[in-house]
Amino acid sequence: MITSYFTNQIARHSEQDFTQSINKTTCFRFLEEARVQMMRDRNFDINEVHLSHVLMVLYKCNIRFFKPIKFFDEIKIESSTIQVKKVRGILKQIGRRMSDNVECFEADAYWAYVPKNNLGKEKTVEFATRFAGDADGFLEPIPLEIYPLENTVFPFECSFETRPYEMDGFNHLNNCIYYSYFETAAYQYLKVFIPWDEIFSKRIIVDVNLAQIDFIQPVFSFEKFSIGVIPLEINNPDLKLGLMLKSDSGELKSKCILHIKLKNNSTETKSLLIEAFEKMGHIKLG
């Protein structure tokens, strides 16, 4: 029997950003809370993983955003396993606004159980089976986009340092925080071409439609790192960015693809965006 798990989340006023909608980082938090609740519903508390010789790894997340979420909106998250291969699988998660059942976002969480040491080898299959349950073979994952970013020379980079409160119970950067850094790096890139005060004052909508994140190596407290940004496709008003997160020692930690739409209906702002996109296509940064 295929089992979907439902959890309810509520958007908080403090999670609203300059767009007057809930920042998309919150969607990643909703998804994580739903996954943990799903484990509890299966009588498989996350603490059992913490205390075991096994790690649960989220190694990729692909999410499409459809509708903005306003503060105090209640969101119902439906989670269903759609693919399973021994110790790894894909969990489809759909967030709908409870007031009208409108779909606000859809995500695929790629997970795996890996042993911390030899004592954990036998437990990996058991844990994966308990988490996955029966797979729904009728649902398809969001198509993945493949770009060889590893050997790319990035024309724009910005630096960051993690903060202790961003760590999770495994003492590394929580998966739902990565997006906030990638989004910030994308905004820093956009600021080169459009002054931020004009984005805000002219009500230019910076709408992320898709985020595909690969989690490659953990990031730790007070770790310094940089995010490189490169435009992959420029087609006003659509912009596709490739981003790569590396430690100061050069170790690849994570990479991301963002689909962004910039829009505003005023004639003045349309001219501003045309000029900005022309600069993106011709100016080499760095």
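The values are calculated or read from the model by the stated rules, or taken from the named source; none is laboratory data. Keep in mind that this is a model prediction, so the values were computed, not measured. All Cβ positions, glycine included, derive from the backbone under ideal geometry; neighbour counts span all protein chains shown. In case anyone asks, the SASA skips ligands and DNA or RNA and just uses the protein heavy atoms, side chains included. Shrake-Rupley method; radii C 1.70, N 1.55, O 1.52, S 1.80 Å.
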- Query: Among 254, 180, 201, which one moves the most in a GNM of the chain with springs linking Cα atoms closer than 10 Å?
  - Reply: 201
- Picking from 274, 6, 204, whose Cα lies most toward the positive end of the charge dipole for the chain (charges on Cβ: Lys, Arg +1; Asp, Glu -1)? 6
- Query: How big is the chain by the Kirkwood estimate over distinct Cα pairs, in Å?
  - Reply: 20.2 Å
- Which one of 95, 39, 112 has its Cα pushed farthest toward the positive end of the charge dipole of the stretch 1-118, where Lys and Arg give +1 and Asp and Glu give -1 at the Cβ? 112
- Taking H placed 1.01 Å from N in the peptide plane, check which residues at least 5 places from residue 255 or on another chain put their amide H under 5 Å from its amide H. 214, 216, 245
- Query: If you roll a 1.4 Å probe over the stretch 106-237 with all protein chains in place, what percent of the accessible area is carbon or sulfur?
  - Reply: 55 percent
- Item | Compactness of the stretch 216-265 - radius of gyration and Dmax, Cα, Å | 14.0, 45
- Task: With 27 Å as the limit, write out which pairs from 76/123; 76/224; 76/240; 24/224; 224/261 have Cα-Cα distances beyond it, or answer none.
- Result: 76/123; 76/224; 76/240; 224/261
- Item | Where labels lie 7 Å past Cα in the beta-carbon direction, separation of residue 221 and residue 271 in nm | 5.4 nm
- Along the Cα-to-Cβ line of residue 170, 7 Å from the Cα, sits a label point; which residues in the stretch 51-68 have backbone N less than 13 Å from it? 51-61
- Kindly provide the helix-only [θ] at 222 nm of the chain, computed as the sum of -39,500 (n - 2.57) over DSSP H runs of four or more divided by all residues, to the nearest 500 deg cm²/dmol? -8000 deg cm²/dmol
- Note on the structure: Distance in Å, no decimals, from the C-alpha centre of the stretch 261-281 to the one of the stretch 1-54 is 36 Å
- Message: To the nearest 20 Debye, how big is the dipole of the chain about its Cα centre, given +1 on the beta carbon of each Lys and Arg and -1 on that of each Asp and Glu?
- Response: 180 debye
- Task: Would you work out the relative contact order for the stretch 19-143, in percent, from Cα pairs under 8 angstrom that are 6 or more residues apart?
- Result: 28 percent
- To the nearest 20 debye, what is the magnitude of the charge dipole of the stretch 1-152 about its Cα centre, counting +1 on the Cβ of each Lys and Arg and -1 on the Cβ of each Asp and Glu? 260 debye
- Residue-wise, which Karplus ³J(HN,Hα) couplings in Hz belong to the stretch 80-91, taking 6.51 cos²θ - 1.76 cosθ + 1.60, θ = phi - 60°, and x for glycine or proline? 9, 6, 10, 8, 9, 9, 6, 10, 9, x, 10, 10
- When only Cα pairs under 8 Å and 6 or more residues apart are kept, what is the percent relative contact order across the chain? 17 percent
- In a GNM of the chain with a 10 Å cut-off on Cα contacts, which of 107, 211, 276 has the highest mean-square fluctuation? 276
- Task: Enter the angle in degrees (range 0 to 90, nearest 10) between the Cα long axis of helix 121-132 and the first principal axis of the Cα atoms of the chain, meaning the one along which they spread out most.
- Result: 70 degrees
- On average, how much accessible surface per residue is there in the stretch 147-286, in Å², for a 1.4 Å probe, leaving out ligands, DNA and RNA? 48 Å²
- Message: Taking θ = phi - 60°, what integer Hz values does the Karplus form 6.51 cos²θ - 1.76 cosθ + 1.60 yield along the stretch 230-247, in sequence order, with x for Gly and Pro?
- Response: 9, x, 8, 9, 10, 8, 2, x, 9, 9, 10, 10, x, 10, 9, 9, 10, 5
- State the Cα centre-to-centre distance between the stretch 162-187 and the stretch 60-138 in whole Å. 19 Å
- Query: Any idea what angle helix 25-41 forms with the longest principal axis of the chain, computed on alpha-carbon atoms, 0 to 90 degrees, nearest 10?
  - Reply: 10 degrees
- log₁₀ of I(q)/I(0) at q = 0.10, 0.13, 0.19, 0.20 Å⁻¹ - the stretch 112-243, Debye sum with one point per alpha carbon: -0.50, -0.79, -1.26, -1.31
- Item | Estimated distance in nm for a label pair at residue 232 and residue 129, the labels positioned 7 Å out from Cα along Cα-to-Cβ | 3.7 nm
